[in-house]
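All remarks here apply to the structure that follows.
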Amino acid sequence: MFRINRFTATALLFAGLAASSAAAADLRAGTSMAATHPSAQVLTKLSELVKERSGGNLNITVYTDGTLGNDGQMQQQVQSGTQDISTANAAGLAAQVKEMAVVEFPFIYRNSDEFYTVLGGEMGKELADKLYEKGWVALGFSHNGFRHATNSKHPIEKWEDFAGLKIRVIPNAMYIDMFSALGANPTPMPVSEVYAALETGAVDAQEAPFAQINAMRIFEVQKYMSTTGHAVNSEVIVMSRKTYDAMSPEDQKLVVEAGRDAVEWKRQQFQEMEAGLAKAIEEGGMTINAVEPAELARMAEKMQPVIAKHAALAGTDFTERYIKAIEAGRTGN
């Protein structure tokens, strides 16, 4: 019979503990954005908090610039458990959790506080539960600013100015419908292809928040930026449910709290950060024009059929409750 002496047993025990510790301690987090982008910065903050609070027992390595794949690939990798953490967009997650689409409906928020209020409440918990069912743990909801239009032709001052513009949009049916309704020719493509498409003239325009426009140096290949603020650029820090479920309850709690605090840190930093981004974009050579409130209202009116269509797809009941939650926070009721 094979016998294990106490020295062999001790060696095997420590080897097993080391392997277990390595599996639990070394996590990979990814974003398609550059290291200077808020998506990367919030993951870096999460990594710092987790390392500090775990005494170095949990470590998250952050990979930027799409090193681990594009947004769609990383979303799937986190879901399958081959990647631990990533930033994800609500529009992308809506492919499997239909209700997520409502988060980026056009012109439903008046300001950033409304976004954080509704997603910090019961609606956010409901969405987190739906994400968990699909294999993702939502560590925090945030955003990277409101999305604005840039183009190489002329300033956008009214919705009619979109007519005929070939505009890159994220690969999402609602965004295609949004810009079709404004008279543009939407062209869906991954973010990694946008700069080259603008540089070569394959598309005339794109839409993104200040942070992305600056991080991707869009000002080098576009002349005009117009503050349409048509939708929020939402973001969820998602963790693989497989990674999460393999953790001890103590580590689960630590990571969830770190995610919450990283998002709050980003929220507090964001207003100052975005003001600096606007200055950097203008210094890069882009002209920024503010769209008048009356013209934004006209754009919002053009979006009503788009909202009605996608509310039916996302679930009318959920959409109505979500919008009522925004309005309740707005009125203080």
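Once the chain from ARG330 to ALA35 is taken as fully extended at 0.36 nm per residue, the excess over their C-alpha distance is 102.8 nm. Centre-to-centre separation between the Cα atoms of region 231-245 and those of region 102-156: 12 Å. Solvent-accessible area of ARG330, all protein chains in place: 80 Å² (probe radius 1.4 Å, heavy atoms, ligands and nucleic acids excluded). Secondary-structure-derived ellipticity at 222 nm for the chain, considering helices only, amounts to -16000 deg cm²/dmol, per-run term -39500 (n - 2.57) for DSSP H runs with n ≥ 4.
Against the chain, whose longest principal axis comes from its Cα atoms, helix 304-314 is set at around 20 degrees.
What angle, in degrees between 0 and 90 and rounded to the nearest 10, separates the Cα long axis of helix 6-25 from the longest principal axis of the Cα atoms of the chain? Approximately 10 degrees, to the nearest ten. This model, with +1 at the C-beta of Lys and Arg and -1 at the C-beta of Asp and Glu, gives region 265-327 a dipole about its Cα centre of some 260 debye. In this structure the chain gives 46 Å² per residue of accessible area when probed at 1.4 Å with all protein chains present. Restricting the GluC sites (Glu not before Pro) of region 143-241 to loop positions (DSSP other than H, G, I, E, B) with no more than 15 neighbouring Cβ atoms within 10 Å leaves GLU157. For the chain, the antiparallel share of DSSP beta bridges with both residues in that region comes to about 55%. For the chain, the Cβ-based charge dipole about the Cα centre amounts to some 780 debye (Lys, Arg positive; Asp, Glu negative; other atoms uncharged). Converting phi to 3J(HN,Hα) with the Karplus coefficients 6.51, -1.76 and 1.60 and the offset θ = phi - 60°, region 53-65 yields 6, 9, x, x, 7, 10, 10, 10, 8, 9, 10, 10, 6 Hz in sequence order, with x at every glycine or proline. Using C-alpha pairs below 8 Å separated by at least 6 residues, the relative contact order for the chain is 24 percent. For region 282-306, the residues whose amide N sits under 19 Å from a probe point set 7 Å from the Cα of ASN111 along the beta carbon direction are 291-294, 296-297. The shape of the chain comes out prolate: with a ≥ b ≥ c from the C-alpha gyration tensor, a/c is at least 1.5 and a/b beats b/c.
Extension gain GLN269-ALA163, at 0.36 nm per residue separation less the Cα-Cα distance, in nm?
Working: separation 106, 0.36 × 106 = 38.16 nm, distance 3.64 nm.
Net length gain for the segment: 34.5 nm.
Think of the chain as a dipole: +1 on every Lys or Arg Cβ, -1 on every Asp or Glu Cβ, centred on the Cα centre; then among GLN73, GLN41, ILE170, GLN73 lies furthest on the positive end. Taking Cα atoms only, the orientation of helix 316-331 departs from the longest principal axis of the chain by about 80 degrees. At 10 °C and 1.306 mPa s, grab the translational diffusion coefficient of region 181-333 from Stokes-Einstein with a Kirkwood Rh over Cα pairs, rounded to a whole number in µm² per second. It comes out at roughly 83 µm²/s. Here LYS253 is the anchor, and the lysines within straight C-alpha reach of less than 21 Å, apart from those fewer than 8 places off in the same chain, are LYS45, LYS51, LYS125, LYS130, LYS134, LYS242, LYS266.
Residues in region 173-190 carry Karplus couplings, in order, of 4, 5, 5, 4, 5, 4, 7, 5, 5, 8, x, 8, 10, x, 10, x, 6, x Hz; the curve used is 6.51 cos²θ - 1.76 cosθ + 1.60 with θ = phi - 60°, and Gly or Pro positions show x.
What's the whole-number percent of alpha carbon pairs in region 66-112 lying beyond 15 angstrom? Here the long-distance tail beyond 15 Å is 50 percent of all Cα pairs in region 66-112.
Using a 1.4 Å probe on the protein heavy atoms, what percent of the accessible area of the chain belongs to carbon and sulfur?
52
Close amide H contacts of GLY140 (hydrogens built in the peptide plane, cut-off under 5 Å, sequence separation of 5 or more or a different chain): ILE237.
What separates the Cα centres of region 264-333 and region 182-196 is a distance of 20 Å. 3J(HN,Hα) along region 249-266: x, 5, 6, 4, 4, 4, 5, 4, 5, 5, x, 4, 6, 5, 5, 5, 4, 4 Hz, from the Karplus curve 6.51 cos²θ - 1.76 cosθ + 1.60 with θ = phi - 60°, whole Hz, x for Gly and Pro. Using the alpha carbons alone, the radius of gyration of region 131-209 stands to its Kirkwood radius in an Rg to Rh ratio of 1.06.
The values are calculated or read from the model by the stated rules, or taken from the named source; none is laboratory data. Keep in mind the model is a prediction, meaning the values are calculated, not measured. For neighbour counting, all protein chains shown are included, and Cβ atoms are generated from backbone atoms with ideal geometry for every residue, glycine included. Surface accessibility is based on the protein's heavy atoms, side chains included, excluding ligands, DNA and RNA. Shrake-Rupley method; radii C 1.70, N 1.55, O 1.52, S 1.80 Å.
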